[in-house]
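The values are calculated or read from the model by the stated rules, or taken from the named source; none is laboratory data. All values derive from a computational prediction rather than experimental measurement. Cβ sites come from the backbone with ideal geometry, for glycine too, and all protein chains shown count toward neighbours. These area figures cover heavy atoms from the full protein model, side chains too; ligands, DNA and RNA do not enter into them. Shrake-Rupley method; radii C 1.70, N 1.55, O 1.52, S 1.80 Å.
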Amino acid sequence: MQKKSNDFFVYPPNLQILDLASMVGMYRSRGEPRRAPSGEYFACTHTRKLVKEAKFWFGLYYSQVAWDRLLTKNSSGYPLTDIEFNILGMAVYPPDDNNHRSHLESLTGIIPQLSFLIVNDLCQFGFLHEYDDGMLSITDNGLKALEGFAKRAYERKFVPEMLSVYRGQHARPQIQQAEKKDTAQTRLF
C-alpha cells in the first residue's frame, strides 16, 4: 500500500551507529525545546526557516509550528512515526496470532533497544496495555492514534495491509561487521 503523505516524524535510518547511552539520551530528549546560543540560529528541518527556539528530534530541529503540523490527530502530543504505527497496528492484528511484547518488538524493523523504549512509552502514554504475561492490547486512545496516523499517511481508514509486517518488510536492520584479516594466530573460540 502506497503512502500518500510523508508529513510525520521519522527515526534516522542509521541509529545502529549509536551506543546505547547515546540512543537512549536522544530518544528521551526528543521534543525538548532548545534555544539557540546568542547570535546563532537553528534551521527548521521541515520549513527550512531560521528560528531562535526549536524542538529537538534526533539531531534535527523543528519550529513549534512545524512540530505541531507533524503531530498526528489523536496522538495526544506524542510524536508518532511508522514504527509506533506498526506496533499499534500489530497490537490490533497480531502476526501469527501472537501479540506477545517480545514478538511484536522483533517485527518492528529497528534495533531491539529502541523498540523496547517505544513499547514502554506507548504503554506509558496509554496507547497500549501490557498484561502481566507480556501480552499487549491496544486501548481506545491507541485506536484513535492509529486511525489518525493512517489518515495522515494513507488518507484512509486503517487496514492491516498498511503494516510493514504484512508487506514482508519487517526484518531487523543488519549491523555491518568488520572483516577480519587472515592471520597466523590460532583461533581460541
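For the chain, the solvent-accessible area of protein heavy atoms averages 60 Å² per residue (probe radius 1.4 Å; ligands and nucleic acids excluded). At full extension, residue 52 and residue 96 could sit 11.0 nm farther apart than now, given 0.36 nm per residue minus the alpha carbon distance. Have a look at 91, 66, 145 and tell me which one the Gaussian network model of the chain (Cα, springs below 10 Å) gives the largest fluctuation. Residue with maximal mean-square fluctuation among 91, 66, 145: 66. Between residue 157 and residue 113, the contour length at 0.36 nm per residue exceeds the Cα-Cα span by 12.8 nm. Between residue 7 and residue 130, the simple spin-label model (points 7 angstrom out along Cα→Cβ) gives 3.4 nm.
Which is the longest run of the chain containing none of the GluC sites (Glu not before Pro) found in DSSP loop states (not H, G, I, E, B) with at most 11 other C-beta atoms within 10 Å? Could you put the intermediate results ahead of the total?
Numbers: sites that count: 40, 155, 179.
For GluC sites (Glu not before Pro) (loop position, at most 11 other Cβ atoms within 10 Å), the longest site-free span of the chain is 41-154.
Kindly state, as a whole number, the per residue volume in cubic angstrom of the convex hull around the alpha carbon atoms of the chain. Mind showing how you got there, number by number?
Numbers: hull volume 34.2 nm³, N = 189.
Per-residue hull volume (Cα only) is 181 Å³.
For the residues 69, 101, 35, a 1.4 Å probe over the protein chains yields an accessible-area ranking, largest first, of 35, 69, 101. By a 1.4 Å probe calculation restricted to protein chains, residue 151 has an accessible surface near 110 Å², given to the nearest 10. The share of accessible area on the chain that comes from carbon and sulfur is 50 percent, using a 1.4 angstrom probe. In the chain, helical runs assigned H by DSSP with n ≥ 4 each contribute -39500 (n - 2.57); averaged across all residues and rounded to the nearest 500, the mean residue ellipticity at 222 nm is -9500 deg cm²/dmol. Each Lys and Arg adds +1 at its Cβ and each Asp and Glu adds -1 at its Cβ; summed about the Cα centre, the chain shows a dipole of about 840 debye. Rounded to the nearest whole Hz, the Karplus-based 3J(HN,Hα) values (6.51 cos²θ - 1.76 cosθ + 1.60, θ = phi - 60°) of the stretch 30-37 follow the sequence 5, x, 5, x, 10, 10, 5, x, with x at glycine and proline.
3J(HN,Hα) along the stretch 151-166: 5, 5, 7, 10, 6, 6, 5, 5, 9, x, 5, 6, 7, 4, 5, 8 Hz, from the Karplus curve 6.51 cos²θ - 1.76 cosθ + 1.60 with θ = phi - 60°, whole Hz, x for Gly and Pro.
Report D for the stretch 55-103 in µm² per second (integer): Stokes-Einstein, Kirkwood Rh on Cα pairs, 20 °C, 1.002 mPa s. Roughly 168 µm²/s, to the nearest whole number.
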